[in-house]
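Below is one structure, written out as structure tokens; comments come after it.
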Amino acid sequence: MVCSVGRRVQEIAREVGFSKDFVEEISSLSEEAIGAKATKLSRIKTLKASRILAEDESWKVRCAVARNTNTPKKILAQLAEDEDLNVRRSVARNTNTPKKIIAQLAEDENWVVRYGVTRNTNTPKEILVQLAEDENWMVRRAAQRRLNSFSEAM
């Protein structure tokens, strides 16, 4: 039996023209594996597919879109405002997330999202300096470690 997330991913796969085999394969997967299939779906370079997936009711599907480095910047901006902290954290860790969005997420109310910003290898040094003073010790420590790696690289 296909879970609701699986049914939605199947519908999207049909909408954007994936093969019948791909659509059928989804019916035999666990919900976690369906997240991986959603990632494959979001790799389609059409704004339509990304838009559909970015508005999915499942946070796991939206996370898959947010993690994908091919997701258009407009969709990443939308997902940076998502109500689910896991989705925002995924945007924060995406190496193709624009600096402006990274700066926005560096001020997120949830420390897990801010921690995600420190884990992004493309986070600018000035944002890491800001996060090195964060109220949460894990965010501070992660930012300080990244700053130390900048120093060691020079």
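Of note:
- Lone qualifier among Arg119, Arg141 - being free of Cβ contacts under 8 Å to residues at least 60 places away in the same chain and either touching a helix residue (DSSP H, G or I) at 6+ places or on another chain (Cβ under 7 Å) or of a type in the set (S, T, N, Q) (or both): Arg119
- Options Ile101, Ile127; residue that is among the hydrophobic types (A, V, I, L, M, F, W, C) and under 23 Å from Arg51 (Cα atoms): Ile101
- Residue count for region 65-109, restricted to those that are part of a helix (DSSP H, G or I), modelled with pLDDT under 95, surrounded by 15 or more Cβ atoms within 10 Å (Cβ to Cβ) and in contact with a Leu (Cβ under 9 Å, 6 or more places away or on another chain): 3
The values are calculated or read from the model by the stated rules, or taken from the named source; none is laboratory data. Remember, predicted model here, so these are calculated numbers, not experimental data. All Cβ positions, even for glycine, are placed from backbone atoms using ideal geometry, and neighbour counts span all protein chains on display.
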